[in-house]
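Notes for the one structure printed next.
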Amino acid sequence: MMAKWKFEGLDKYIEYLRKLDAESDEMIRHAVYNGAGVVADRVRHSINGIRVDDSHGKKMKSGPTTQQKNGLISGFGISRMQNEDGYVNVHLGFAGRNGRKSKKRAQAEANITVARNVESGTPWMAKQPFMRKAVNAAKKECEQVMADTLDEEIKKITP
């Protein structure tokens with residue numbers, strides 16, 4: 001005796017799967033971007049909490065100058081969406097220069113360099129790991145927002 005299966009509405013289910021397949025790339029992009037927004041907001045908040053030290057002549061500073069911090073705030077952003085071998089992602093980071101020229105260089109410091117110095121510390125500046133803490137703190141919320149976004153997008157095409 002052979003087992004029998006009877007499906008009703010299989011055509012609707014197949015059509016649903018086709019529609020899901022056709023729209024999945026856009027749904028994933030939307031979820032990734034919403035998740036990145038959550039992390040970016042947390043990082044911006046963390047940047048605002050960086051202690052500044054505008055003193056001159058001290059051997060060890062407690063933080064960046066106000067100008068350097070303002071450069072981090074204005075230079076922070078989210079990159080364009082990228083699809084690398086099927087992995088959709090965005091990058092959060094720092095662009096531009098903050099306008100502060102060092103004694104040894106005529107050019108202003110790159111914001112990414114200032115961010116790295118603040119995050120990891122230097123021999124002349126105490127570390128303030130703002131980026132790492134913000135990303136770790138936002139991880140669960142980011143994952144939840146991405147899952148909720150995907151659920152909403154899937155509900156839009158559910159028959």
Next on the checklist: Residue by residue through region 113-122, what is 3J(HN,Hα) from phi via Karplus (6.51 cos²θ - 1.76 cosθ + 1.60, θ = phi - 60°)? Round to whole Hz and write x for glycine and proline.
Outcome noted: 5, 4, 4, 4, 5, 5, 4, 9, x, 9
Checklist entry - Which order, highest average first, do 58-70, 108-120 follow once you tally other Cβ atoms within 10 Å for each residue and take the mean per peptide? => result 108-120, 58-70
Item to check | In sequence order, calculated HN-Hα J values of region 60-74 (Karplus, 6.51, -1.76, 1.60; Hz; x Gly/Pro) | outcome: 10, 9, 8, x, x, 6, 4, 4, 5, 5, 4, x, 5, 4, 6
Checklist outcome for this item: Beyond 22 Å (Cα-Cα) in this structure, taken from Lys69/Lys127; Lys19/Lys139; Lys19/Lys155; Lys58/Lys127; Lys19/Lys140; Lys69/Lys140, we find Lys19/Lys139; Lys19/Lys140; Lys69/Lys140
Checklist outcome for this item: Amide H contacts under 5 Å for Gly121, restricted to residues at least 5 apart in sequence or on another chain and with H modeled in the peptide plane, are Gln128
Item to check | Under 5 Å, built H, 5+ apart or other chain: amide partners of Thr65 | outcome: Asp53
Checklist entry - Measuring from label point to label point, each 7 Å out along Cα→Cβ, what is the Arg51 to Lys19 span in nm? => result 5.7
Item to check | Antiparallel bridge percentage (DSSP; both residues within region 11-157; nearest 5) | outcome: 90
Checklist outcome for this item: FRET efficiency (Asp11, Ile154; Cβ distance; R0 25 Å; to 0.05) is 0.80
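Coordinate-derived values only; no laboratory data. Note that the structure is a prediction, hence the values are computed from the model and not measured. Reconstructed Cβ throughout: ideal geometry from the backbone, glycine too, with neighbour counts over all protein chains shown.
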